[in-house]
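**Student:** Okay, here's the structure, questions in a sec.
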Amino acid sequence: MKITHASHLSNDELTAELSRLARCEREATAALIVHLAEFDARRLFEGPGYSSLFKYCMAVLHLSEDAVYNRIKTARAARDYPVIIERLESGALSPTTVRLLAPRLTPESHEELLAAASGKGKRAVEELLARRFPQPDVPARVRKVPSRPVASAVEVAPAVAPAPNTCPPVVRGEPLAAAPPAAAGAKAPPVLPVPAAPRPVVRPLAPERYEIRFTASAEMREKLRLAQDLLGHAIPSGDLAQVFDRALTLLVADLSRKKFAATGRPRRSRGQSADSRHIVAEVKRFVETRDERRCGFVAPDGRRCDERRFLEFHHVIPFGAGGKATADNIELRCRAHNGHEADLFYGPGKRRMRINGTGSGTSPHSESRSRPLGGQASTDGGRRPANP
């Protein structure tokens, strides 16, 4: 497949082409899953010398472990419930969400459950399953993670082959026997490689109940023990969930005070000069409440950005164009949309420079510094006013 450069496309053409390619990828993925199911049913991986479809896909098709696992689970579910293929092609479901749903699908409930999960991402589907199939709370525990030997070398995985532009015909077949996942069948090196650090787990178990699991340092473990001891009178059991809840309550309150001037005893502002770019605490608190601690950018089609991280105070009319640090002129923006607003006002390419993702630094065309929410100044990007 020849990949051509996309720089010659207009914005509208690029958007349309991206949508077309995404649709083709969904169709190609659905066709791949159907063919994987039939390939597995015929056990065609055994002839070339592979003991499972998982190993064959890793070694021959050059798919990643996550991609293979999701697609095999989806293929087996789709053979029993072909409606899955239609939802994959439309984008209502993905291999990841089907893999989560597969153990819960039954001939009686699959239509309703698939419909309820349509259009949802991984986290939303996990929440859906937790509500419908609640699990008991996990026991609180602290255990030492076993150490592993250090690797002398790490192999580089081969590149993923591009998906075809056209989709092959769909093939149906009989239900498959389970093929257990296994690692690629290469000779083991004399020294085992160190696996990547496991991602922290935040998994819904039941409505309003979550399993949270992560790896802590010895120093953090000692702090936890000290907190349990100091809270012995209030939490005699030393319950980890209650200890962390108290700690996070204090942390969130402290961060809210620093970023949004949040306080239970607000005082009236002493005022400031009309030309000051400083955002007073009273304005910060008002903007935080009004914008609900999330980005206030609204797209032309009415969709509001729901980002809650990397928020910045944004001048609707930039300070450099006479905008004041008032509640009417200050809004919350995520870092991306604050820069986008700067492009809209100053023109493309005039976005503030970002150094190492810290938000510091300016471009030659910007008249203000970009600081985090806790700082005294805000960025100058903004929508172009009707009468600048």
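**Student:** Select, from Ser10, Ser52, the only residue that is exposed (fewer than 13 other Cβ atoms within 10 Å of the Cβ) and among the hydroxyl-bearing types (Ser, Thr, Tyr).
**Tutor:** Ser10
**Student:** Could you tell me how many of the residues in the range 42-59 are within 14 Å of Ile72 (Cβ to Cβ) and in a helix (DSSP H, G or I)?
**Tutor:** Of the residues in that region, 6 qualify.
Residues checked against (1) in contact (Cβ under 8 Å) with a residue 60 or more places away in the chain; (2) more than 30 Å from Asn329 (Cβ to Cβ); (3) among the hydrophobic types (A, V, I, L, M, F, W, C); (4) surrounded by 13 or more Cβ atoms within 10 Å (Cβ to Cβ):
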site: Asp229; (1), (2), (3), (4): no, yes, no, no
site: Ser237; (1), (2), (3), (4): no, yes, no, no
site: Leu248; (1), (2), (3), (4): no, yes, yes, no
site: Phe260; (1), (2), (3), (4): yes, no, yes, yes
site: Thr263; (1), (2), (3), (4): no, no, no, no
site: Pro266; (1), (2), (3), (4): no, no, no, no
site: Gln272; (1), (2), (3), (4): no, no, no, no
site: Ile279; (1), (2), (3), (4): yes, no, yes, yes
site: Thr289; (1), (2), (3), (4): no, no, no, no
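**Student:** Name the single residue, out of those in the range 108-146 being among the basic types (Lys, Arg) and outside any helix (DSSP H, G or I), that is surrounded by the most Cβ atoms within 10 Å (Cβ to Cβ).
**Tutor:** Taking the candidates together, the pick is Lys120.
**Student:** Exactly one condition in (1) in a helix (DSSP H, G or I); (2) within 30 Å of Val138 (Cα to Cα); (3) in contact (Cβ under 8 Å) with a residue 24 or more places away in the chain is not met by Arg309; state its number.
**Tutor:** The number of the failed condition is (1).
Read the figures in this text as sums done on the coordinates, not as results from a lab. Not measured: the values here are computed from a predicted model. Glycine gets a Cβ as well: all are built from the backbone with ideal geometry, and neighbour counts include every protein chain shown.
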